[in-house]
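Okay, so here's the structure we're looking at.
The values are calculated or read from the model by the stated rules, or taken from the named source; none is laboratory data. Values in this document were obtained by computation on a predicted structure and should not be read as measured data. Positions of Cβ are generated from backbone atoms using ideal geometry, with glycine treated the same way; all protein chains shown enter the neighbour counts.
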Amino acid sequence: MSWASKLANAYKIEDDKSFRLKDHDPADTGDFKSEDHAKKLLKESVARMEHLQDQLYAQNTWALLLIFQAMDAAGKDGAIKHVMSGVNPQGCQVYSFKAPSSEELDHDYLWRTTKCLPERGRIGIFNRSYYEEVLVVRVHPDLLKAQHIPPSLVTKDLWKARFEDIRSFERYLTRNGIVILKFFLNLSKKEQKKRFLARLDQAEKNWKFSAADIHERAFWDDYMNAYEDLIRHTATDEAPWHVLPADNKWFTRIAVAAAIVDTLEGLDLSYPKVSDAKMKELAEARQLLEQKK
């Protein structure tokens, strides 16, 4: 087993109804005792990912969807930036889902993300996703009013129904060649406070701060319960969750990279084989080029 497989599997959650968030330490760094070692492996992983993504694009068969979910300040943006730094922009699509627009609210809750699914041969990245519908909407149920759902459908089984919808949706995607990797960046409340203060203390980070962040922090326990419940109900063999420690950004990034590399290596990617007719055409093109100045 490669180091990437070992690291990825250590934090992978598949069909586990007994999952408990408290069993996962946000400050864990696995077998890594050196940040420098992790950064060296990250650099190597980025280079490896660049090659694999090129094959993915050329083969034009599979698509990869990366979903990032986390509390504010957990490092989603930084992980995406550093891990995907070597990927060809032509083969990568990034979407950030914030509060839904009025148009989006007039559709089913999967509509706005479904429009953004990656094409074959490409990597799609969702910075937040349809999982907000069983997170922020669950913590703040008043948001359901804006979705114009028939009152008779808003029952005590609503969240159970949405979990079922999401599992079915992800199963459908995987059956059509879209491989799904879901990352929950598991940040501690203590570390979040530290990062919020840094945003206040450092001028270059002031733009990242929002008073709404402090408001949501008051619902920390509600969010943790919601995350635990959704992971229990939507972690499947087809679309597992990776619950990654996020108190140390350097470790989060190498863990994300490991999962992506391990997944891409498991797809048996290769460059398309050139047919005999195409080889003949290439030989003729070479001959013409060599004959002319």
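If we keep just the residues of the stretch 209-239 that are charged (D, E, K, R), touching a residue at least 24 places away in the same chain (Cβ under 8 Å) and in a helix (DSSP H, G or I), which is nearest to Arg20 (Cα to Cα)?
Glu228
Looking at the structure I just gave you, is Lys39 basic (Lys, Arg) and surrounded by 21 or more Cβ atoms within 10 Å (Cβ to Cβ)?
It is false that Lys39 is basic (Lys, Arg) and surrounded by 21 or more Cβ atoms within 10 Å (Cβ to Cβ).
For the stretch 8-64, which residues satisfy the criterion of being at pLDDT below 95, assigned to a loop (DSSP other than H, G, I, E, B) and over 17 Å from Leu187 (Cα atoms)?
Passing the criteria: Asp15, Asp16, Lys17, Ser18, Asp31, Phe32, Lys33, Ser34.
Just one of (1) of a type in the set (Ser, Thr, Tyr); (2) surrounded by fewer than 18 Cβ atoms within 10 Å (Cβ to Cβ); (3) in contact with an Asp or Glu (Cβ under 6 Å, 6 or more places away or on another chain) trips up Ser101, so point out which.
Every listed condition holds for Ser101 apart from (3).
Those residues that are loosely packed, with under 11 Cβ neighbours inside 10 Å and part of a helix (DSSP H, G or I), I need them from the stretch 262-278; list them, please.
Asp276, Ala277
Can you name the number of the only condition in (1) under 30 Å from Ser168 (Cβ atoms); (2) among the β-branched types (Val, Ile, Thr); (3) over 21 Å from the mean Cα position of the chain (by Cα) that Thr234 fails?
(3)
For the subset of the stretch 144-164 comprising residues that are among the basic types (Lys, Arg) and either touching a strand residue (DSSP E or B) at 6+ places or on another chain (Cβ under 8 Å) or closer than 16 Å to Leu230 by Cα (or both), which member is surrounded by the most Cβ atoms within 10 Å (Cβ to Cβ)?
Arg162
Is there a residue in the stretch 115-129 that is part of a strand (DSSP E or B) and over 27 Å from Asp213 (Cα atoms)?
Checked against the condition, which is being part of a strand (DSSP E or B) and over 27 Å from Asp213 (Cα atoms), the stretch 115-129 yields at least one hit.
Which residue pairs have Cβ atoms closer than 9 Å, lie 6 or more positions apart in sequence or on different chains, and pair a first residue in the stretch 268-293 that is in contact (Cβ under 8 Å) with a residue 24 or more places away in the chain and within 19 Å of Gln55 (Cα to Cα) with a second residue that is of a type in the set (Phe, Trp, Tyr) and surrounded by 10 or more Cβ atoms within 10 Å (Cβ to Cβ)?
As it stands, the answer is Leu269/Trp62, since those pairs meet every condition given.
Mind checking which pairs have a first residue in the stretch 47-66 that is more than 23 Å from Glu170 (Cα to Cα) and of a type outside the set (A, V, I, L, M) and a second that is modelled with pLDDT of 95 or more and in a helix (DSSP H, G or I), Cβ under 6 Å, 6 or more apart or different chains?
If the second residue must be modelled with pLDDT of 95 or more and in a helix (DSSP H, G or I), the pairs left are Arg48/Val261.
Any residue in the stretch 209-227 that is small (Gly, Ala, Ser), surrounded by 13 or more Cβ atoms within 10 Å (Cβ to Cβ) and within 19 Å of the chain's Cα centre (by Cα)?
yes
Name the residue that is surrounded by the fewest Cβ atoms within 10 Å (Cβ to Cβ), counting only residues in the stretch 165-205 that are part of a loop (DSSP other than H, G, I, E, B) and touching a residue at least 12 places away in the same chain (Cβ under 8 Å).
Only one residue tops the list, namely Gly177.
Where residues in the stretch 263-279 are among the polar types (S, T, N, Q) and out of contact with any strand residue (DSSP E or B) (no Cβ under 7 Å at 6 or more places or on another chain), which of them is farthest from Leu56 (Cα to Cα)?
Here the answer is Ser275.
Report yes if Asp36 is more than 19 Å from the chain's Cα centre (by Cα) and closer than 22 Å to Ala246 by Cα, otherwise no.
Yes, satisfied.
Go through (1) surrounded by fewer than 19 Cβ atoms within 10 Å (Cβ to Cβ); (2) free of Cβ contacts under 8 Å to residues at least 24 places away in the same chain; (3) of a type outside the set (D, E, K, R) for Thr113 and report which single condition fails.
Status for Thr113: all satisfied but (1).
Identify, please: which residue in the stretch 65-98 is in a helix (DSSP H, G or I) and of a type in the set (A, V, I, L, M) and is, among those, surrounded by the fewest Cβ atoms within 10 Å (Cβ to Cβ)?
Step by step, filter the stretch 65-98, then rank; the result is Ile80.
Might you let me know whether the stretch 6-15 holds any residue that is polar (S, T, N, Q) and under 20 Å from the mean Cα position of the chain (by Cα)?
yes
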